[in-house]
Amino acid sequence: MIAVKGGGSTPFILRLMPGEDLRGSLEALVREQGLQAAYVASCVGSLKVAAIRFADAPAATKVEGPFEIVGLSGTLSRDGPHLHIALSDRDGKTIGGHLGLGSIIHTTAEIVVVALEDIEFSRKKDERTGYSELLVSGFPPARE
Amino acid sequence: MIAVKGGGSTPFILRLMPGEDLRGSLEALVREQGLQAAYVASCVGSLKVAAIRFADAPAATKVEGPFEIVGLSGTLSRDGPHLHIALSDRDGKTIGGHLGLGSIIHTTAEIVVVALEDIEFSRKKDERTGYSELLVSGFPPARE
Amino acid sequence: MIAVKGGGSTPFILRLMPGEDLRGSLEALVREQGLQAAYVASCVGSLKVAAIRFADAPAATKVEGPFEIVGLSGTLSRDGPHLHIALSDRDGKTIGGHLGLGSIIHTTAEIVVVALEDIEFSRKKDERTGYSELLVSGFPPARE
């Protein structure tokens, strides 16, 4: 475990409109605001279609909604986001996985993103997992 | 996308008791503390019965628990909350959707609500979606 | 409902490695940093195996992954954590419940824990529920 103690934080409140891309909008926020490290603190809304990579799958699956967004969490960095989502359908049944581009807002999304001051996230390919994994710098590690 | 940058924030920690209404308790907090904008940051607990509106459904469905609360997120305003919940049952199976009044605590709920200073949430009927959608005011928009 | 208004807060960013115990790592953070009250604000990652206590079950069930972590929330105290998790499998199907020890990281976990200053969490056996329930002290209650 790497544990890094942060300092101050700044909330951003987003409202997304019908037809907007959920992941693409969060990537745009990072770019436009120059965020170095942030996380999704809360999200409520709906999708008309979702692109989700299921556990250990090689690529995303496109699933047709409408879906309620019942969970969105993860980290945002200039090297890309890492977001997992949980969705529920017309029968209340839930599915979930890794959020891809191409997940499109149905009615709305109300999202709170918290930017971490004095912290910088980056991503580097990790041979053990095959993915670009999170690196955290800024404050000295509280534990490494 | 509308993106508004916030300022400071204040956490409230709630513990709900058996028999209390989950949504009603959050509405009471907003009223009693005079909160102008807040979000649910974390929630753990259980429900004995839940009232959930599934995706695109006209009204809430009453579902019998006991359920573990495995996700609760959304925004709180004086014009009402917008909350989505994920629940798991005795077999671990999960369901989810839009949280209605009439969702009753089984053993406990431990909730962290974060109030956003200098921000004001309101809700206004949006003809495109048919729902009262979130408006955010306070700081000048970081992007609109 | 008990509602307690907090003061400042400090984020900790964790990255867990393959083979580490999810709940055990959070317990270690509390111990090593001397945290008196904290909550999980965001978590993204994967598990190879999970130990989950389903709703009203007497003990945890061991379930084999790989799973994506699509939700983790709850509180951390020196008297132990109270964490609920939602997981999705290779087909996107989700399960959830109370997180036990023995839930092992598959590729990674990126977690934001927020420590609450001026607040102290403790747990005390509650005869009504049979569990050790959360007590919150520090600031005078905003409502009790």
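Summed over the range C:55-114, residues that are more than 7 Å from every other protein chain (Cβ to nearest Cβ) and either within 19 Å of B:Val112 (Cβ to Cβ) or not in a strand (DSSP E or B) (or both) total 18. Scanning for something under 21 Å from B:Pro18 (Cα atoms), more than 17 Å from the chain's Cα centre (by Cα) and assigned to a loop (DSSP other than H, G, I, E, B), does the range C:115-124 turn up at least one residue? Checked the range C:115-124: no residue is under 21 Å from B:Pro18 (Cα atoms), more than 17 Å from the chain's Cα centre (by Cα) and assigned to a loop (DSSP other than H, G, I, E, B).
For the range B:66-85, what are the residues that are surrounded by 22 or more Cβ atoms within 10 Å (Cβ to Cβ), under 27 Å from C:Asp89 (Cα atoms) and in contact (Cβ under 8 Å) with a residue 24 or more places away in the chain? Once the filter is applied, which keeps residues that are surrounded by 22 or more Cβ atoms within 10 Å (Cβ to Cβ), under 27 Å from C:Asp89 (Cα atoms) and in contact (Cβ under 8 Å) with a residue 24 or more places away in the chain, the range B:66-85 yields B:Phe67, B:Ile69, B:Val70, B:Gly71, B:Leu72, B:Ser73, B:Gly74, B:Leu83, B:Ile85. Evaluate the range C:46-63: report whether one residue or more is crowded, with 18+ Cβ neighbours inside 10 Å, of a type outside the set (Ser, Thr, Tyr), closer than 28 Å to A:Ile52 by Cβ and touching an Asp or Glu at 6+ places or on another chain (Cβ under 6 Å). Checking the range C:46-63: at least one residue is crowded, with 18+ Cβ neighbours inside 10 Å, of a type outside the set (Ser, Thr, Tyr), closer than 28 Å to A:Ile52 by Cβ and touching an Asp or Glu at 6+ places or on another chain (Cβ under 6 Å).
Assessment of the range C:11-33 against the conditions (in contact with a Gly (Cβ under 8 Å, 6 or more places away or on another chain) and of a type in the set (S, T, N, Q)) yields no matching residue. The set of residues from the range A:86-114 being in contact with a helix residue (DSSP H, G or I) (Cβ under 8 Å, 6 or more places away or on another chain) and crowded, with 22+ Cβ neighbours inside 10 Å comprises A:Leu99, A:Ser103, A:Ile105, A:Ala109, A:Ile111, A:Val113. Going by the structure shown, is A:Glu127 in contact (Cβ under 8 Å) with a residue 24 or more places away in the chain, out of contact with any Lys or Arg (no Cβ under 9 Å at 6 or more places or on another chain) and more than 8 Å from every other protein chain (Cβ to nearest Cβ)? Here the answer is no, as A:Glu127 does not meet what is asked. Do we have any residue at all in the range B:29-41 that's within 12 Å of the chain's Cα centre (by Cα) and more than 13 Å from chain A (Cβ to nearest Cβ)? Within the range B:29-41 (the criterion being within 12 Å of the chain's Cα centre (by Cα) and more than 13 Å from chain A (Cβ to nearest Cβ)), the answer is yes, since at least one residue qualifies. Screening C:Val30, C:Val44 for residues that are modelled with pLDDT of 95 or more, among the β-branched types (Val, Ile, Thr) and part of a strand (DSSP E or B) leaves exactly one candidate, C:Val44.
The values are calculated or read from the model by the stated rules, or taken from the named source; none is laboratory data. Here the structure is a predicted model, which means the values were calculated and not measured. All Cβ positions, even for glycine, are placed from backbone atoms using ideal geometry, and neighbour counts span all protein chains on display.
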